[in-house]
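Colleague: Take a look at this one; I'll ask things after.
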Amino acid sequence: MGTNTLAITDNRTGKSYEIAIEHDTIRALDLRRIKVSEDDFGLMTYDPAFMNTASCHSRITYIDGDKGILRYRGYPIEELAEGSSYLETAYLVLYGELPTSDELKAWIHNVTYHTFIHENIKTFMDGFHYDAHPMGILVSTVAALSTFYVDAKNIFDPESRKKQTHRLIAKMPTLAAFAYRHSRGMPYSYPDNALSYTENFLNMLFKMSEVKYQPNPTLARALDVLFILHADHEQNCSTNAMRSVGSSHVDPYSAVAAAAAALYGPLHGGANEAVLKMLAEIGAKDQVPGFVKRVKAGEGRLMGFGHRVYKNYDPRAKIIKRVAEEVFEVTGRNPLLDIAVELERIALEDEYFIQRKLYPNVDFYSGIIYQAMGFPVEMFPVLFAIPRTSGWIAQWEEMLSDSEQKIARPRQVYLGEAQRKFVPLERRGANPGKGRV
Ligand code: SDX
C-alpha cells in the first residue's frame, strides 16, 4: 500500500505535485498550488450541484447508497423505526447519544411545554389567502418566529441554542396544524400537553367539537415512525440550504425557513405530493405500462423514484411500505397503492430504470399513507419539514462548532463578456438583443 497522496503532473508545465488524501478526499484548496505562472490563481474544481464534492465533515448520518444503508449516529434506521420514538430519535440526532430515562423525560417536558405560539402569529396567519399552500405559510411563519425570539441571535450561546431548539421542535407541528386549519377555514385547535408529540399534532389537526381529542394509537404510531424516517439525511438539498444560510450567522428560525423553502421543491420534499398527482393521473393499473413508456421517452419523471445517493432501494421506502399496511387496517386500503405497487414492479424489471439505478425513494409510498390518514396533498411537504427540523438544527450546530467552516461563498468559472466600453443610449441604434423585454 503506497502513501496517502495523489501524484499530479500538470502537462501544461511538466511540473509534478503531491496532494494529500484524507478520508478518501483531497482538499480543493491544495489544487491552487497548480499554476502555469506565479500570478496564476491556480486550479479550482468545477462541480455543478456538488455531484462529487464533500462540503463538510459530519458525524450525524451515514448513508451507503449502493447498499441501501441509513444510520443516525451509528444506529440503523430499521432498529430506530422499530424500537424508538420520534422525540427520542430527535434527541439522538441532535446530541449524539440515546437519552437516559431522566434525559428523555426532561427532553419531552421541554418540547411539550413550548408547543404554544404567540397569539400574534394567528393574526399573521389569518392574512394568508384562504387557499394558500400550507408549505408557503409554514416557510413564512417559521421565519416570523425570528422576530418574536430576538435572543435567538445569540447563536454562540449554548443555552440560547438549546432554547431555540426546544421552541423549533415544539412549534413546527403547531404552525403546521394551524396552517392546515386556516386552509380549511376551521378554528385553530390548541395544543393538548397531555398528549404525545404525534398525538398532539393529530389533535391540533383534526379535533372537532369533542371536549378532548382521542387520537387513534395506530395512526399516531405510524406518524411517529414516518417522522423517525424523515429526521435527517446527511447533506440533502434542504440541509445544504440550512448550513449555507446558517453560515452567515443568521438566527436559526431564518435558517430553518430557508431549509423549508428548499424542501418545498418538487424534486425534494414536494416529491410525495407529485407522486400522488402522478398516480391519480395514471388512474388504473392497466394504464401503468403506457405511463412507463412515456417516462422512458423523456416525457416527465417517475416521481418518488431515483436518488442522488441511493443507487439501491431506499431503506426508508421498505419500512414505509410496512407502515402502509398497518395504517390501511384502520383507514381502509388506498386504491392508489395497487397502482404504485404495479408501477414499482414494472419499473424494477425495466432496463431503463435498472441501468440508471432508479429505485423507490422515501417519497414513493409516504404520500399514499398520508392521504389515507386524511391529509390533503398540500400538507405532504409540511409533514416532511416537521421531523426534518431536528436534522436541520443538528447539522446547523455541527457547522457552527466546526472550526474549518466559514461563510459559504463558492467560486465560479466566468465565461461572460470581456471588458467593453459603455455605449450611450443615443448611439445604440437597432437593438440586436432579440426582444429581451
Ligand atoms: C428526497 O438528497 C436527499 O437525501 C433527499 C431526500 C432526503 O431525505 O432529504 O432523500 C428526500 O428528496 C428524495 C427524492 C425525491 N424526489 C423525487 O422523487 C423526484 C424524482 N426523482 C428525481 O428527479 C431524481 O432522481 C433526483 C432529483 C432525486 C436525483 O436526481 P440526480 O441525482 O440529479 O439524478 P439525475 O437527475 O442526474 O438523473 C440521472 C438520470 C437521468 O437520465 P439521463 O439524463 O442520464 O438519461 O436518471 C434519470 C434522469 O433523467 N432520472 C429519472 C428519474 N430520476 C432520474 N428518470 C425518470 N424518473 C426519475 N424519477
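The values are calculated or read from the model by the stated rules, or taken from the named source; none is laboratory data. As the structure is a computational prediction, the values presented were derived from the model and not from experiment. Using ideal geometry, Cβ is built from the backbone for each residue, glycine included, and neighbour counts are taken over all protein chains shown.
Colleague: Kindly indicate the residue of the range 20-62 that is within 19 Å of the chain's Cα centre (by Cα) and more than 16 Å from the ligand (Cβ to nearest atom) and also surrounded by the fewest Cβ atoms within 10 Å (Cβ to Cβ) among those meeting that condition.
Modeller: By that ranking, first place goes to ARG59.
Colleague: Next question. May I ask you to list pairs of residues, at least six apart or on different chains, whose Cβ atoms are under 7 Å apart, with the first in the range 292-318 being under 11 Å from LYS357 (Cβ atoms) and touching a residue at least 24 places away in the same chain (Cβ under 8 Å) and the second being among the aliphatic types (A, V, I, L, M) and near the ligand (Cβ under 6 Å from one of its atoms)?
Modeller: What qualifies is PHE305/LEU358; GLY306/LEU358.
Colleague: Let me ask something else about it. Grab the strands (runs of 3 or more DSSP E) fully contained in the range 6-75, keeping just those with 3 or more residues being outside the structural domain of VAL362 (by TED's automatic domain parsing) and over 20 Å from LYS406 (Cα atoms). Write out each step before concluding.
Modeller: Values: elements: 15-20, 61-64, 69-72.
It comes to 15-20.
Colleague: Given the condition more than 21 Å from LYS277 (Cα to Cα), in contact (Cβ under 8 Å) with a residue 24 or more places away in the chain and in contact with a helix residue (DSSP H, G or I) (Cβ under 9 Å, 6 or more places away or on another chain), answer yes or no: does some residue in the range 356-379 qualify?
Modeller: To start, the set of residues in the range 356-379 that are more than 21 Å from LYS277 (Cα to Cα) comprises 356-357.
Now narrow it down to the ones that are in contact (Cβ under 8 Å) with a residue 24 or more places away in the chain: 356-357.
Subsequent filtering for residues that are in contact with a helix residue (DSSP H, G or I) (Cβ under 9 Å, 6 or more places away or on another chain) retains none.
Checked against the condition, which is being more than 21 Å from LYS277 (Cα to Cα), in contact (Cβ under 8 Å) with a residue 24 or more places away in the chain and in contact with a helix residue (DSSP H, G or I) (Cβ under 9 Å, 6 or more places away or on another chain), the range 356-379 yields no hits at all.
Results for (1) assigned to a helix (DSSP H, G or I); (2) hydrophobic (A, V, I, L, M, F, W, C); (3) more than 26 Å from PRO217 (Cβ to Cβ), shown as yes or no for each residue.
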position	(1), (2), (3)
PHE375	no, yes, no
MET379	yes, yes, no
ARG388	yes, no, no
ALA394	yes, yes, yes
GLU404	no, no, yes
PRO410	no, no, yes
GLY416	no, no, yes
GLN419	no, no, yes
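Colleague: If you don't mind, another one. For residues that are among the aromatic types (Phe, Trp, Tyr) and in contact with a Gly (Cβ under 8 Å, 6 or more places away or on another chain), scanning just the range 286-337, find the one that is surrounded by the fewest Cβ atoms within 10 Å (Cβ to Cβ). Quick ask: steps written out before the conclusion?
Modeller: Narrowing the range 286-337 to residues among the aromatic types (Phe, Trp, Tyr): 291, 305, 310, 313, 328.
Then drop every residue that is not in contact with a Gly (Cβ under 8 Å, 6 or more places away or on another chain), which leaves 310, 313.
Details: TYR310: 26, TYR313: 15.
Here the residue is TYR313.
Colleague: Among the residues that make up the range 295-303, is at least one of them in the same structural domain as THR89 (by TED's automatic domain parsing), assigned to a helix (DSSP H, G or I) and within 12 Å of the ligand (Cβ to nearest atom)?
Modeller: Here is the first cut: in the range 295-303, the residues in the same structural domain as THR89 (by TED's automatic domain parsing) are 295-303.
Filter again for assigned to a helix (DSSP H, G or I), leaving 295-296.
Subset that is within 12 Å of the ligand (Cβ to nearest atom): 295-296.
Within the range 295-303 (the criterion being in the same structural domain as THR89 (by TED's automatic domain parsing), assigned to a helix (DSSP H, G or I) and within 12 Å of the ligand (Cβ to nearest atom)), the answer is yes, since at least one residue qualifies.
Colleague: Would you be able to say whether some residue in the range 407-427 is at pLDDT 95 or above and in contact with a helix residue (DSSP H, G or I) (Cβ under 7 Å, 6 or more places away or on another chain)?
Modeller: yes
Colleague: Follow-up question, since we're still on this one. Go through (1) within 13 Å of the ligand (Cβ to nearest atom); (2) at pLDDT below 90; (3) in contact with a helix residue (DSSP H, G or I) (Cβ under 6 Å, 6 or more places away or on another chain); (4) closer than 23 Å to ARG71 by Cα one by one and return the number of the condition TYR313 breaks.
Modeller: The number of the failed condition is (3).
Colleague: I'm checking my understanding of the structure. Among residues of the range 242-257 that are surrounded by 22 or more Cβ atoms within 10 Å (Cβ to Cβ) and among the aliphatic types (A, V, I, L, M), which one is nearest to the ligand (Cβ to nearest atom)?
Modeller: Filtering the range 242-257 for residues that are surrounded by 22 or more Cβ atoms within 10 Å (Cβ to Cβ) and among the aliphatic types (A, V, I, L, M), the one nearest to the ligand (Cβ to nearest atom) comes out as MET242.
Colleague: Just to be sure, is SER209 touching a Lys or Arg at 6+ places or on another chain (Cβ under 9 Å), over 15 Å from ILE369 (Cα atoms) and more than 11 Å from the ligand (Cβ to nearest atom)?
Modeller: no
Colleague: Same structure again: Going through ALA231, ALA260 one at a time, which residue ends up being of a type in the set (Gly, Ala, Ser), buried (at least 21 other Cβ atoms within 10 Å of the Cβ), within 16 Å of the ligand (Cβ to nearest atom) and part of a helix (DSSP H, G or I)? Quick ask: steps written out before the conclusion?
Modeller: Numbers: ALA231 fails: part of a helix (DSSP H, G or I).
Unique residue meeting the criteria: ALA260.
Colleague: If I ask for residues that are over 13 Å from the mean Cα position of the chain (by Cα) and either more than 10 Å from the ligand (Cβ to nearest atom) or part of a helix (DSSP H, G or I) (or both), which ones from the range 360-373 would you list?
Modeller: Within the range 360-373, PHE364, TYR365, SER366, GLY367, ILE368, ILE369, TYR370, GLN371, ALA372, MET373 qualify.
Colleague: Consider ALA394 against the criteria (1) at pLDDT 95 or above; (2) in contact with a helix residue (DSSP H, G or I) (Cβ under 9 Å, 6 or more places away or on another chain); (3) surrounded by fewer than 24 Cβ atoms within 10 Å (Cβ to Cβ): it satisfies all of them except one. Which criterion is unmet?
Modeller: Here ALA394 clears every test but (3).
Colleague: In this structure, does SER254 turn out to be in a helix (DSSP H, G or I) and among the small types (Gly, Ala, Ser)?
Modeller: Details: in a helix (DSSP H, G or I): yes; among the small types (Gly, Ala, Ser): yes.
Yes: the conditions hold for SER254.
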